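Data first, discussion second: the structure below is written as structure tokens.
The values are calculated or read from the model by the stated rules, or taken from the named source; none is laboratory data. Note that the coordinates shown come from a computational prediction; the quantities given were computed from them, not determined experimentally. Cβ: placed from backbone, ideal geometry, glycine included. Neighbour counts: every protein chain shown.
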Amino acid sequence: MAKITLSGLAHSYLKNPENEDDYALKTINHVWEDGAAYALLGPSGCGKTTLLNIISGLLKPSSGQVLFDTQDVTERLPSERNIAQVFQFPVVYDTMSVYDNLAFPLKNRKLSPDYIESRVQEIARIIEVEEILTKKAKGLSADIKQKISLGRGLVREDVNAILFDEPLTVIDPHMKWQLRTQLKVLHQKLGHTMIYVTHDQTEALTFADKVVVMSMGEVVQIGTPQELFEKPEHTFVGYFIGSPGMNILKTQVNGNKAIIGNHEIPLHKDYKNLSGKLELGIRPEYVSLTDNPDDLPITINRIEDVGHYKIIRASHQGEEINIISKEESGISENMRFARFDLDHTNIYANNWLVTP
Amino acid sequence: MRKTTNQKAWFMVMPMLLLVAFSAIIPLMTVVNYSVQDTFGNNEFFWVGLEWFEEILASERVHDALIRQIIFTSIILAIEVPLGIFVALNMPKKNGLWASLCLVLIALPLLIPWNVVGTIWQIFGRIDIGLLGYLLDQIGFDYNYTQDATAAWFTIIIMDVWHWTSLVVLLCYAGLKSIPDAYYQAAKIDQASRWSMFRYIELPKMKGVLLIAILLRFMDSFMIYTEPFVVTGGGPGNATTFLSIDLVKMAIGQFDLGPAAAFSIIYFLVILLISWVFYTVMVHSDKEESV
């Protein structure tokens, strides 16, 4: 197990990248702590798989270095890096039995048969495939195959990190929950550094201690699920995480006042005079519907009842505002105003969070 | 319980029956018709029962042709299948100009009409004007496919390998292309050797197309006629007289329509039987694996 340091890492699939847009992965500096569980979250094409493949060594970065502890492994092949990777589609060796699949990485490393036997049995117990060890891997269901490909990674004791590339894509919904929980338990039990790539926020937030959110080849925020929710550092994070995402409204800021349209909202902090593209961000959970004419006037378009709460789809001068309101709080005809919880109101300049 | 019978339903299958009748059953029946009768012309036929079949089954000439046929088919399968896999493995995997060029070059022999292939090799192998024959002769081989049985076999086998390995290559290449990258990446991480990659990833994934390739090559080579007929005409002597060459000699050369018809039916049944065995083994082994 090892700490993984990315230093000045960047990658372009073009031979001679000219400007920023040519990079699939823009310069990133980051340290993955030993033994932590990370999720790499972002929409398709944001560069997360590129980053993962650089860490595993399947791809050589255009610039920068990858360090495992203090060793520079940038030039090393995947097989020399001692990492394990679980792919989007389960990779098993069809013609081998489950046992042989698990033993394969050890046999290739020419370890003693006794050791292989005991190690395979141990891992089979951990991933719960003991009963089917003698079966051919071919006819098994996708979730078991995915477990086996994970097992092939775990079987080596010296793995530095386990990398997951959207491993639950082809798994049935009811098995997804189970596998995700098992992964979490495995992580607590074995303590490997785990990096989990996904575009599903639920997967990322439930699996990881820390989530790395990426957009357009750039890391926009690294934080705990709590931090991503409370203090999104970039409007993309606010928008991408949460359902519905953060409300983002065009605004002007004058000291401790935000001006939306011709309505003034007093802020808790003094922002001085900001310039550039200014936006106010607030989660639907922190907006409430009131009948007080001092609050922001809104037009309610639609109310969605989602069971234990309601989502109110409204707008203010054409800009969308979503409000999440608890089921029990009644909604009356006069409630045409929105109040913001000022402790959870953020101001963004050119998409980035402003801290006064 | 009352059961409704609706005889009109038979009309529903009529078009299909008619189609099969005209395309397969009726032509086959004319052959069967010849195979159980003798004729001396004038449209006079005499019933002979299974006599022709007995004659063909006991015929030494047919036995020899069958043995030659089996040897020929085994040799070309033993060369074309491994060679085809080998070439497919070394084809460029990435799409691009180079890959397209390779594919076109590989596919070229498949586009040439069979009798033209025969003519090409007939000339190619001549010791006076053919490049192959002349060169072999010059470097000291006693090569003459019109007089020497070994040389004739060598020429025909090389010709078939040249003509048909491409088919195996293309099928295997398609099989290889369908393997997702993740398999190779996983194998790299598992530190699999090149041989293990072939044995545990590529070969299992190619199995389906490979069996089709073997079946096609078996059937085609077992029925081969045009190319050896053009190159050697079945000679020297009867050295390269394969089943279909022998059959044509019997039917058209000697005008023994009865025995030739019996021969055709037996020939057909042999191919059907072997193909059926291939197919069953294929399907069976597939089933066994998924248990």
Going through the range A:326-356 one residue at a time, which ones are touching a His at 6+ places or on another chain (Cβ under 9 Å), part of a strand (DSSP E or B) and within 25 Å of A:Leu278 (Cβ to Cβ)?
A:Ala338, A:Tyr348, A:Trp352, A:Leu353
Reported set for the range A:46-94 where residues are more than 8 Å from every other protein chain (Cβ to nearest Cβ), assigned to a helix (DSSP H, G or I) and under 26 Å from A:Ile116 (Cβ atoms) is A:Glu80
I'd like to check which helices (runs of 4 or more DSSP H) are fully inside the range B:137-240 and have at least 2 residues that are touching a Leu at 6+ places or on another chain (Cβ under 9 Å) and within 27 Å of B:Val283 (Cβ to Cβ).
B:149-177, B:203-222
Examine the range B:272-283 for a residue that is modelled with pLDDT under 85, assigned to a helix (DSSP H, G or I), of a type in the set (A, V, I, L, M) and surrounded by 14 or more Cβ atoms within 10 Å (Cβ to Cβ), and state whether such a residue exists.
yes
Name the one entry in A:Ser112, A:Ser97 that is more than 9 Å from every other protein chain (Cβ to nearest Cβ), surrounded by fewer than 20 Cβ atoms within 10 Å (Cβ to Cβ) and closer than 25 Å to A:Val170 by Cα.
A:Ser97
Single unsatisfied condition, B:Phe218 versus (1) out of contact with any Asp or Glu (no Cβ under 6 Å at 6 or more places or on another chain); (2) facing chain A (nearest Cβ under 9 Å); (3) over 25 Å from A:Lys60 (Cβ atoms)
(2)
Collect the residues in the range B:159-192 that are among the hydroxyl-bearing types (Ser, Thr, Tyr) and more than 7 Å from chain A (Cβ to nearest Cβ), keeping them in residue-number order.
B:Thr165, B:Ser166, B:Tyr173, B:Ser178, B:Tyr184
Can you name the number of the only condition in (1) in contact (Cβ under 8 Å) with a residue 40 or more places away in the chain; (2) within 14 Å of chain A (Cβ to nearest Cβ); (3) touching a Pro at 6+ places or on another chain (Cβ under 8 Å) that B:Thr240 fails?
(2)
Exactly one of A:Val120, A:Val159 is β-branched (Val, Ile, Thr) and not in a helix (DSSP H, G or I), and that one is A:Val159
Quick check, is A:Ser118 surrounded by fewer than 19 Cβ atoms within 10 Å (Cβ to Cβ), under 17 Å from A:Ile132 (Cα atoms) and either in contact (Cβ under 8 Å) with a residue 12 or more places away in the chain or more than 9 Å from chain B (Cβ to nearest Cβ) (or both)?
yes
Residue by residue through the range A:265-294, note down the ones that are of a type outside the set (Lys, Arg) and exposed (fewer than 14 other Cβ atoms within 10 Å of the Cβ).
A:Pro266, A:His268, A:Asp270, A:Asn273, A:Ser275, A:Gly276, A:Asp291, A:Asn292, A:Pro293, A:Asp294
Can you name every residue in the range A:295-325 that is within 23 Å of A:Gln252 (Cα to Cα), part of a loop (DSSP other than H, G, I, E, B) and either in contact (Cβ under 8 Å) with a residue 12 or more places away in the chain or not assigned by TED's automatic domain parsing to the domain that holds A:Ala338 (or both)?
A:Asp295, A:Ile298, A:Gln317
Among residues of the range A:10-31, those that are assigned to a strand (DSSP E or B) and out of contact with any His (no Cβ under 8 Å at 6 or more places or on another chain), counted:
8
Does A:Arg156 qualify as being basic (Lys, Arg), within 14 Å of another protein chain (Cβ to nearest Cβ) and either closer than 27 Å to A:Ile116 by Cα or surrounded by fewer than 22 Cβ atoms within 10 Å (Cβ to Cβ) (or both)?
yes
Among the residues of the range B:156-182, what is the count of those that are at pLDDT below 90 and within 17 Å of the chain's Cα centre (by Cα)?
0
